[in-house]
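Okay, structure first, notes after.
The values are calculated or read from the model by the stated rules, or taken from the named source; none is laboratory data. This is a predicted model, so every value here is computed, not measured. Using ideal geometry, Cβ is built from the backbone for each residue, glycine included, and neighbour counts are taken over all protein chains shown. Ligands, DNA and RNA are excluded from the accessible area calculation, which covers all protein heavy atoms including side chains. Shrake-Rupley method; radii C 1.70, N 1.55, O 1.52, S 1.80 Å.
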Protein chains: 2
Amino acid sequence: MGGHEIEQLIRLLGRLPGFGPRSARRIALFLLRDPQARLVPLARALERAGEAIKTCSTCGNLDTVDPCHICTDPLRDPGVVCVVETVGDLWALERAGVHRGVYQVLGGTLSPLAGIGPEDLNVGPLLERLEQGSVREVILALGATVEGATTMHWLMDKLAFYEGVTVSRVAQGMPVGGALDVLDDGTLAAALGARRPA
Amino acid sequence: MGGHEIEQLIRLLGRLPGFGPRSARRIALFLLRDPQARLVPLARALERAGEAIKTCSTCGNLDTVDPCHICTDPLRDPGVVCVVETVGDLWALERAGVHRGVYQVLGGTLSPLAGIGPEDLNVGPLLERLEQGSVREVILALGATVEGATTMHWLMDKLAFYEGVTVSRVAQGMPVGGALDVLDDGTLAAALGARRPA
Ligand SMILES: [Zn+2]
Ligand SMILES: [Zn+2]
C-alpha cells in the first residue's frame, strides 16, 4: 500500500510485541492521517527518548540519568535491595509504591534451554554492593516460573556467602506461572509485605 | 518512570488507538531495551513516512506521490470508480485485489450527531470526474452502518444527475453494523462481485 516509506513504517510497526499486520496498518493510518498532530510528535518523542536513555550502571534500571533517580534518591534506603527480572518488573513495583529501598535488575532469568547462563545476568553490581557492606537485606522478587525459581536458588547460593545479610523472597501471592509486571498493586503489596526468609 | 523523555514517549504511545497505559509502557520498554535495533529504525521510518506522505488530490488515497500509484496505473480502468469511506477501506480492497478500477475516498460518513456534513466529505473530485465524462460506473462500497446508508443515499441523489453512469452498491455480504476494512478477502470479493444497481 502506498510508497516504500509507508510500507517500511508498517513493516517496523508489525514487529512490535502484540502487533500483527492488521494492527500495524491501523496504527500507520492513524498516524499518517494527521502527520503534524500525530506522527511528528511521536517521531520526535522516540528520537529524544533514544538520545536520553541510559542504563543505570548501579541497578540496571532504564532512565535518563546514570545512576538513576531511584539509586540517587536520598529518601530511599540503599540497605534494602529488591532483585527483579526486568525493568518492567521494577516499574510495576514503583507504580505500586510498595518498595522504599533500591533495586537490582537482572535483565532476565537463568534458562539453559534459551542459552541464558549466569554470565548473562546483571548481578555484578549487587555483589559489589554486598562486598562494600552497604546492604543488609536482599528481597528476591522473581516471577513464579520455573526459570524464576531456578534463578532464585542460584542467587540464594551466591548470597549465602555474605554474613549479616537477610535474604527474603516475596510471598507466592502471585499466580503460579505468572509474571510479576501484570499483577495489580494490591497483589504486589501483599506479596512484598508477606516476604519471608529465603 | 524514568526521566521526562521516557514519560513523554509513554504518554504519546498511550494515545494510539487500541493502546492503554499498560501497552504503552510495554512498547516503550521493548523499544528502549535495544534503542539501536528497535527505537532508532522506527523513529527514522516515522520521520521518512511523515516527510513523504501525500494525500492524492484525485482520489484521497494516502501515498508518497500525488496523484497516487492507483490513479496513474495505466492497467487500471479510470471509468469505474469505487467510493469508500476511508483509506483503510481502500487498502483492504487493494489487499483483496478485487477492484481493477480507481477509487474515491470520502474520508468519513455523514453523521449529523458528530457534526459531519456533506461539506466535510471529499466528494468534489468524484463530481469533477463525472462532469468530464470519464466515468461510466460508480460502485458504492460504504459500510453497512446507519451512517454508511445515510451517506449512500445522499450520494445516490447527487449521482442521479449524471446520465449514462451506472451506480451500483456492494452486496450486503458484509455483517450488518460492520466496517469494511475488517472483512476477509473472500467476503470482500463476494460483496463486490454481487454488486447491484443502487
Ligand atoms: Zn539505578
Ligand atoms: Zn489517487
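Within the straight-line cut-off of under 20 Å between alpha carbons, the aspartates and glutamates reachable from A:K158 are A:E85, A:E119, A:D120, A:E128, A:E131, A:E137, A:E147, sequence neighbours fewer than 8 places apart in one chain being disregarded.
Near A:V102, once Lys and Arg are set to +1 and Asp and Glu to -1 for all other residues with Cβ below 15 Å from its Cβ, the sum equals -4.
Where both bridge residues fall in the protein assembly as shown, DSSP classifies roughly 30% of the beta bridges as antiparallel. What separates the A:V165 label point from its copies, with the point 7 Å along Cα to Cβ, is 7.9 nm, written shortest first. Annotation: amide H-H contacts under 5 Å for A:Q104 (H modelled 1.01 Å from N, sequence separation of 5 or more, or interchain): A:C82, A:V83, A:V84.
Kirkwood analysis of the Cα pair distances in the range A:62-169 returns a hydrodynamic radius of 14.2 Å.
Calculated [222 nm] ellipticity per residue, helices only, for chain B: -12000 deg cm²/dmol; basis is -39500 (n - 2.57) per DSSP H run with n ≥ 4, divided by all residues, nearest 500.
Chain A's nearest residue to the axis relating it to B, judged by Cβ and reported with the distance in whole Å, is A:A43, 3. Annotation: aspartates and glutamates with alpha-carbon distance below 15 angstrom to B:K54 (same-chain offsets under eight excluded): A:E5, A:E7, A:D34, B:D63, B:D66. In the range A:11-28, burial by the other protein chains removes 20 Å² or more of accessible area from A:L12, A:L16, A:P17, A:F19, A:R22, A:R25, A:R26, A:I27, compared with the chain on its own (1.4 Å probe, ligands and nucleic acids ignored).
Amide H contacts for B:T166 (H built 1.01 Å from N in the peptide plane; partners 5 or more residues away or on another chain; cut-off under 5 Å): B:E137, B:V138.
Of the trypsin sites (Lys or Arg not before Pro) found in the range B:72-133, the ones in coil according to DSSP and having at most 12 other Cβ atoms within 10 Å of their Cβ are B:R100.
For the range A:84-111, state which residues have at least 30 Å² less accessible area in the presence of all protein chains than in their chain by itself, taking the probe as 1.4 Å and leaving out ligands, DNA and RNA. Those residues are A:W91, A:R95.
If you take all other residues with their beta carbon under 13 Å from the beta carbon of A:V165, and give Lys and Arg +1 and Asp and Glu -1, the sum is 0. Can you tell me, using C-alpha contacts under 8 Å and at least 6 residues apart, the relative contact order of chain A as a whole percent? Computed over chain A, the figure is 16 percent. For the pair A and B, the buried accessible area comes to roughly 4200 Å² in total, with a 1.4 Å probe and the value rounded to the nearest 100. Once the Cβ-Cβ distance of B:A171 and A:L113 is raised to the sixth power relative to R0 = 51 Å, the FRET efficiency obtained is 0.45.
FRET efficiency for the B:E94 to A:D120 pair, using the beta carbon distance and R₀ = 51 Å, is estimated at 0.70.
Here the spin labels are modelled as points 7 Å beyond Cα on the Cα-Cβ line, and at A:R11 and B:R76 they lie 2.2 nm apart.
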